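The values are calculated or read from the model by the stated rules, or taken from the named source; none is laboratory data. For clarity, every value in this text was computed on a predicted model and none was experimentally measured. Don't worry about glycine lacking a Cβ; one is built from the backbone with ideal geometry, like all the others, and counts go over all protein chains shown. Calculation scope for accessible area: heavy atoms of the full protein, side chains included, ligands and nucleic acids excluded. Shrake-Rupley method; radii C 1.70, N 1.55, O 1.52, S 1.80 Å.
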Amino acid sequence: MSLGRSYLWSLAKNSIITETRTKAGKALHVQTPIGSLDSVPQEKLDPRLAKLPSYPGALPEDPGSAATVTQLDFNHGVLQEVSATYWTGDSENDVWQFFRCQLPDWPRNLDESTGKELIHPERDGVRLIRVTRRADRTVIETCIKPLGYPHLFTGDGD
């Protein structure tokens, strides 16, 4: 076994995953030797996400949860993301054009490896709307990403 796989195996073997049920759905806690990850569904939509435009007729991907707060604590700092995900049967292009018209001043992230994104840096984080196609539906993710997105781990954020 290579050193990298050995390290990953050790990391996985020494990790503890805990699921708990909340009113809004299943919360997940992952504790590893290098930090923790928490993903907690929320009953109410974060007011910062509520201010973003919504695509007409889009439905929540998880009807029991308004949003999810994901927090990564890797012993050197904490990163938090708040997101809400919706879907529609409309085409990816129609949905993308809707958001381009609604948010004409928002820059487009040219790296489309995770989908088409409009991003807007603000004082408390980066607002993001991501549009992707998954099977028979178009998925719309609205997020508040940590400051520095999309360059959090590349050193290109400055």
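Quick check on Glu112: is it under 20 Å from Lys145 (Cβ atoms) and touching a residue at least 40 places away in the same chain (Cβ under 8 Å)? For Glu112, the condition - under 20 Å from Lys145 (Cβ atoms) and touching a residue at least 40 places away in the same chain (Cβ under 8 Å) - is not met. For the range 114-124, the set of residues classified as surrounded by fewer than 20 Cβ atoms within 10 Å (Cβ to Cβ) and either polar (S, T, N, Q) or part of a strand (DSSP E or B) (or both) consists of Thr114, Lys116, Ile119, His120, Pro121, Glu122, listed by residue number.
Of the set (1) open to solvent by 60 Å² or more (accessible area, probe 1.4 Å); (2) touching a residue at least 40 places away in the same chain (Cβ under 8 Å), all apply to Leu147 but (2). For the range 36-66, filtered to residues that are within 19 Å of Val95 (Cβ to Cβ) and in a strand (DSSP E or B), the residue that is most open to solvent (accessible area, probe 1.4 Å) is Leu59.
Annotation for the range 17-35: at least one member residue is farther than 21 Å from Glu117 by Cα, touching a strand residue (DSSP E or B) at 6+ places or on another chain (Cβ under 8 Å) and not in a strand (DSSP E or B). Contact map, the range 121-133: first residue at pLDDT 90 or above, second residue surrounded by 15 or more Cβ atoms within 10 Å (Cβ to Cβ) and aromatic (Phe, Trp, Tyr), Cβ cut-off under 6 Å, separation 6 or more or different chains; pairs are Val126/Tyr149; Ile129/Phe99; Val131/Trp96. Screening the candidates Val69, Val139, Val82, Val131 for the property of being among the hydrophobic types (A, V, I, L, M, F, W, C), open to solvent by 20 Å² or more (accessible area, probe 1.4 Å), assigned to a strand (DSSP E or B) and within 25 Å of Gly25 (Cα to Cα) yields one hit, Val69.
Among all positions in the range 41-50, there is no residue which is among the small types (Gly, Ala, Ser), at pLDDT 85 or above and over 19 Å from Gln80 (Cβ atoms). For the range 36-65, the tally of residues that are touching a residue at least 40 places away in the same chain (Cβ under 8 Å), in contact with an Asp or Glu (Cβ under 9 Å, 6 or more places away or on another chain) and acidic (Asp, Glu) stands at 1.
Leu103 satisfies every condition listed in (1) within 29 Å of His29 (Cβ to Cβ); (2) touching a Leu at 6+ places or on another chain (Cβ under 6 Å) except (1).
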